[in-house]
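First comes the structure, then the notes that go with it.
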Amino acid sequence: MTTTTVRIASLVLGGLIAASACSVPVFAAGDDSETMPVCKKGEVYDKKAKKCVKQSSANITDENRTDYAYSLAKAARYDEALAMLDTVKDQNNAEVLNYRGYATRKLGRTDEGISYYLQSVKLDPQYAKVREYLGEAYVIKGQLDMAKDQLATIKTICGTGCEEYQDLNAAIIDPSKI
C-alpha cells in the first residue's frame, strides 16, 4: 500500500468513527436512573430494536413502556408519559405507580402524585426511588418532617451515598432544587 492509500484509508476510517459518534441517540435529561432516547409524539423507543417505532403498531413489553414513560417524564413530557403508562397492562406495579406519581406531581397535582407514591411504597417498601420522590412531594407541601422520614428510610435501604439519598437531602436543604 502506498502512503497516499494509507492516508485516504485513515481519513475514511476517521470519518466513519466521527459519524458514528455523532449519530448516538439523544437521551432525556435526568439525574438518576438510566433513561432511554425519547421519540417524536406517537412513537415509542423499542429497546430490543434500538429505534423509535410507531406506538400504534409496536409490540412493546410493559417494562419497555414503563421505562419509556419515565424517559418522557424526565424530558418534561408529562402528559405523554401518563398516556404511555396508560398502555401498560399491569397497572399494579411499583414502578408504574411511581412514575405516574412523578408525572402528576410535575404537572402540579402533588396530592395525586403522593397517592400514587404511597401505593408504590405498599407494593415495594424497599424501592428507594419512590421514597425519594415521595419525600420531594412532602417538601413541596412544606411537610419537612415527613420528607426527613423518607430520607431516613432511604438511608436504611441504600445508605447516604446513593443518588436517591443525596437528591432528597439536597431538596430538603434547598427546595428550589426540586
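Within the range 154-166, can you find the residues that are surrounded by fewer than 20 Cβ atoms within 10 Å (Cβ to Cβ), of a type outside the set (A, V, I, L, M) and part of a helix (DSSP H, G or I)?
Across the range 154-166, the qualifying residues are K155, T156, C158, E163, Q166.
Take L168 and decide whether it is in contact with an Asp or Glu (Cβ under 6 Å, 6 or more places away or on another chain) and among the hydrophobic types (A, V, I, L, M, F, W, C).
When the stated conditions are applied, L168 passes them.
Among (1) open to solvent by 30 Å² or more (accessible area, probe 1.4 Å); (2) touching a residue at least 24 places away in the same chain (Cβ under 8 Å); (3) closer than 23 Å to E164 by Cβ, there is one condition D62 misses while meeting the rest; what is its number?
Checking D62 against (1) open to solvent by 30 Å² or more (accessible area, probe 1.4 Å); (2) touching a residue at least 24 places away in the same chain (Cβ under 8 Å); (3) closer than 23 Å to E164 by Cβ, the one that fails is (3).
Given the condition small (G, A, S), at pLDDT 90 or above and surrounded by fewer than 18 Cβ atoms within 10 Å (Cβ to Cβ), answer yes or no: does some residue in the range 27-35 qualify?
No, because not a single residue in the range 27-35 is small (G, A, S), at pLDDT 90 or above and surrounded by fewer than 18 Cβ atoms within 10 Å (Cβ to Cβ).
Spot the failing condition for E112; the list is (1) within 30 Å of K48 (Cα to Cα); (2) assigned to a helix (DSSP H, G or I), and only one is missed.
With respect to (1) within 30 Å of K48 (Cα to Cα); (2) assigned to a helix (DSSP H, G or I), E112 is out only on (1).
Give just the number: which of (1) open to solvent by 40 Å² or more (accessible area, probe 1.4 Å); (2) over 17 Å from M36 (Cα atoms); (3) touching a helix residue (DSSP H, G or I) at 6+ places or on another chain (Cβ under 8 Å) does G113 not satisfy?
Single failed check for G113: (1).
Six or more apart or on different chains, Cβ atoms under 8 Å: show the pairs whose first residue is in the range 34-53 and over 18 Å from E80 (Cβ atoms) and whose second is among the β-branched types (V, I, T).
Short answer, once both residue conditions are applied: none.
Determine, yes or no, whether K148 is of a type in the set (K, R) and open to solvent by 40 Å² or more (accessible area, probe 1.4 Å).
Considered against the rule, which asks whether it is of a type in the set (K, R) and open to solvent by 40 Å² or more (accessible area, probe 1.4 Å), K148 comes out as yes.
Every residue, every condition in (1) more than 19 Å from I178 (Cα to Cα); (2) open to solvent by 60 Å² or more (accessible area, probe 1.4 Å); (3) under 19 Å from the mean Cα position of the chain (by Cα), yes or no:
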position: K74; (1), (2), (3): no, no, yes
position: R100; (1), (2), (3): no, no, yes
position: R105; (1), (2), (3): no, no, yes
position: Y127; (1), (2), (3): yes, no, yes
position: V130; (1), (2), (3): no, no, yes
position: G135; (1), (2), (3): no, no, yes
position: V139; (1), (2), (3): no, no, no
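Considering only residues that are surrounded by fewer than 22 Cβ atoms within 10 Å (Cβ to Cβ) and part of a helix (DSSP H, G or I), which ones fall in the range 116-125?
Across the range 116-125, the qualifying residues are L118, Q119, V121, K122, L123.
Within the range 41-91, work out how many residues are assigned to a loop (DSSP other than H, G, I, E, B) and under 17 Å from T104 (Cβ atoms).
6
Inside the range 167-178, can you point out the residues that are open to solvent by 60 Å² or more (accessible area, probe 1.4 Å) and either of a type in the set (V, I, T) or within 13 Å of A147 (Cα to Cα) (or both)?
I173, P175
The values are calculated or read from the model by the stated rules, or taken from the named source; none is laboratory data. Note that the structure is a prediction, hence the values are computed from the model and not measured. Glycine also receives a Cβ, built like all others from the backbone with ideal geometry; neighbour counts cover every protein chain displayed. Heads up: the accessible areas ignore ligands, DNA and RNA and are worked out on the full protein's heavy atoms, side chains in. Shrake-Rupley method; radii C 1.70, N 1.55, O 1.52, S 1.80 Å.
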